[in-house]
Amino acid sequence: MSVENQIRSVTQLLQYDEQCAWRYYLQRVEGVTPRPAAWSHHGTAFHSAVEAYERSGRTMTEEAVVQLFADQYSLLVNEALVEEPDTDRWLAAGYTGGEDIERRYFLGMVQAAHYVKWRGEHPAKTWVTPDDETGVELYFEVELGGVAVRGYIDHLLVDEGGSVRVRDWKTGSMKNRFQLQTYAVAIRKLYDVEVNRADWYLAKDGRSSRPVKLDESTEDMVAERFAAMDAGVKRGDFPANPSYSCRFCDVSHACFFKK
Ligand code: SF4
């Protein structure tokens, strides 16, 4: 499907609207192969381990969750090493690519173990949709401002008064309120339930963030941004935004605007 007609997502919107629309163009229109980064495999493997734990009704042992992280991370890193064996070409902040691959293996195992302990102390119930789907990595597809938007929500929990709380699992430090607002709007629209608060589980800190209030986040607010982003892509409008973040950009090797 051409990029003009693709279903949108929060990731696409943030890349286009907040990071750099030229990066969006290079990745999604030109099809530039991104440079690998251990942080991305760390995040994916952590999500897989925590998802399996939550789907098991928190019956998986800590040891099994940690092992799942280690297996997934090793698999993803090894696959990426076949594509890019030179670890000096891997993106890494403050480390060599090789150092970063190794340290995240151990860091991710510690974080997976800690998650299991933390959940034992914070045993809020996972929300189940009216169609009996468990609120873990829940897929949604909704229309917002005339634009089809889809995504997966990491975790939905039963909150105070029976409302639903959105939770996003983070291994990095980039937190984005708009992501939580979109998820809240999607869940309200699809299931006609109250969603008033959200938070992030911060693997770096081993705890959830303070709750973010979402009761004033409306569908119109969210829809307006998706409509503007969709129109920009359809116009072929991809302004570059060279900045400090170019050093974390995985297509910078193909960019003339790089800072
Ligand atoms: S290197 Fe910088 S300007 Fe170029 S695409 Fe990446 S973020 Fe945008």
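The values are calculated or read from the model by the stated rules, or taken from the named source; none is laboratory data. All values reported here derive from a predicted model rather than from experimental measurement. Positions of Cβ are backbone-derived with ideal geometry, glycine not excepted, and every protein chain shown enters the neighbour counts.
Which residues, taken from segment 122-147, are loosely packed, with under 15 Cβ neighbours inside 10 Å and touching a helix residue (DSSP H, G or I) at 6+ places or on another chain (Cβ under 9 Å)?
Answer for segment 122-147, where residues must be loosely packed, with under 15 Cβ neighbours inside 10 Å and touching a helix residue (DSSP H, G or I) at 6+ places or on another chain (Cβ under 9 Å): PRO130, ASP131, GLU141, GLU143, GLY146.
Of the set (1) within 13 Å of the ligand (Cβ to nearest atom); (2) outside the structural domain of VAL185 (by TED's automatic domain parsing); (3) among the polar types (S, T, N, Q), all apply to SER2 but (1). Only residues that are within 18 Å of VAL136 (Cβ to Cβ) and in contact with a Leu (Cβ under 8 Å, 6 or more places away or on another chain): list them for segment 167-181, please. ARG167, ASP168, LYS170, GLN179, LEU180 - these are the residues of segment 167-181 that are within 18 Å of VAL136 (Cβ to Cβ) and in contact with a Leu (Cβ under 8 Å, 6 or more places away or on another chain).
Entry remark, segment 219-259: residues being more than 14 Å from the ligand (Cβ to nearest atom), outside any helix (DSSP H, G or I) and touching a residue at least 60 places away in the same chain (Cβ under 8 Å) number 1 in total. Within segment 92-102, the set of residues being under 21 Å from the mean Cα position of the chain (by Cα) and surrounded by fewer than 19 Cβ atoms within 10 Å (Cβ to Cβ) comprises ALA93 only.
ASN196 falls short on exactly one of the conditions (1) closer than 19 Å to ALA21 by Cβ; (2) touching an Asp or Glu at 6+ places or on another chain (Cβ under 8 Å), and that condition is (1).
Please find, among ALA93, ALA80, ALA37, ALA21, the residue that is within 16 Å of the ligand (Cβ to nearest atom) and in contact with a Pro (Cβ under 6 Å, 6 or more places away or on another chain).
The unique qualifying residue is ALA21.
Going through segment 142-166 one residue at a time, which ones are charged (D, E, K, R), out of contact with any Leu (no Cβ under 9 Å at 6 or more places or on another chain) and in contact (Cβ under 8 Å) with a residue 40 or more places away in the chain? Scanning segment 142-166 gives a single hit, ARG150.
Let me confirm something: among ASP230, ASP199, which residue is within 21 Å of the chain's Cα centre (by Cα), outside the structural domain of THR44 (by TED's automatic domain parsing), over 20 Å from VAL136 (Cβ atoms) and among the charged types (D, E, K, R)?
Answer to the selection: ASP230.
Among residues of segment 125-141 that are modelled with pLDDT of 95 or more, those with a Cβ under 8 angstrom from a residue that is small (Gly, Ala, Ser), sequence gap 6+ or separate chain, pair up as THR126/GLY135; TRP127/GLY135; VAL128/GLY135; THR129/GLY135; TYR139/GLY151; PHE140/GLY151; PHE140/ALA186; GLU141/ALA148. Residues of segment 146-180 being within 24 Å of TYR53 (Cα to Cα) and in a helix (DSSP H, G or I), which ones? Selection gives GLU160, GLY162, GLN179, LEU180.
Can you confirm whether ASP205 is more than 16 Å from the ligand (Cβ to nearest atom), at pLDDT 95 or above, over 25 Å from GLU133 (Cβ atoms) and part of a loop (DSSP other than H, G, I, E, B)?
Yes.
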